[in-house]
Amino acid sequence: MESKASLIPAGQALADMDAALDRVDPRRGDVAPEALLVWVRLARRVRDRVDALAGVLVAEADRAQASVQVAGTPLSAWLGVQDNMSRREAAREVFAARTLAEHPSLGRAAQDGRVHSGQVRAIGKVLGEIAPQLDAGQRIAAEKVMVGL
């Protein structure tokens, strides 16, 4: 685990990644097939980790009612306007983010790259279905077991 001194704010990490992507050389014709496959896996892992971070940030903004305070509108409406999303897409994004917020072990595993976005959706769905039948301790244990699998 990183020491606290080496951690950077999410905004800085995202800005650094965005800037780095602007510098990617588009010429890949001479890259070995093996390297391309390694890059495919890495790109997908990075995408899933950024998606998880975005989800956690959406959940935090939703919980803090940031869009209501800043723009006077619910987060799903704000996302729709800011990111040119349909109402349905924006609502789905907020709903998925709430799943990460409700299941912190799952959110951490996604941000760490231990589970990918499809697994997050599947685990979140199962946890949502069984949660009413479990007490708080059992819900935490179930989440840890599913993330571990």
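The values are calculated or read from the model by the stated rules, or taken from the named source; none is laboratory data. Source: prediction; values computed, not measured. A quick note on method: Cβ atoms are made from the backbone with ideal geometry, for glycine too, and the neighbour counts reach across all protein chains shown. Quick note on the areas: whole protein, heavy atoms, side chains included, nothing else; ligands and nucleic acids left out. Shrake-Rupley method; radii C 1.70, N 1.55, O 1.52, S 1.80 Å.
Observations on the structure shown:
- Which listed residue is within 22 Å of ALA142 (Cα to Cα) and surrounded by 15 or more Cβ atoms within 10 Å (Cβ to Cβ), from ALA109, ALA66: ALA109
- Looking across the range 20-44, the residues that are under 24 Å from SER117 (Cβ atoms) and either open to solvent by less than 90 Å² (accessible area, probe 1.4 Å) or among the β-branched types (Val, Ile, Thr) (or both) come down to ALA20, VAL24, LEU36, VAL38, VAL40, ALA43.
- Any chance VAL56 is assigned to a helix (DSSP H, G or I), in contact with a helix residue (DSSP H, G or I) (Cβ under 6 Å, 6 or more places away or on another chain) and open to solvent by less than 70 Å² (accessible area, probe 1.4 Å): yes
- Of all the listed residues (GLU89, GLU93), the sole one being assigned to a helix (DSSP H, G or I), surrounded by fewer than 16 Cβ atoms within 10 Å (Cβ to Cβ) and among the acidic types (Asp, Glu) is GLU89.
- Subset of the range 112-139 that is surrounded by 15 or more Cβ atoms within 10 Å (Cβ to Cβ) and polar (S, T, N, Q) - its residue that is modelled with the highest pLDDT: GLN119
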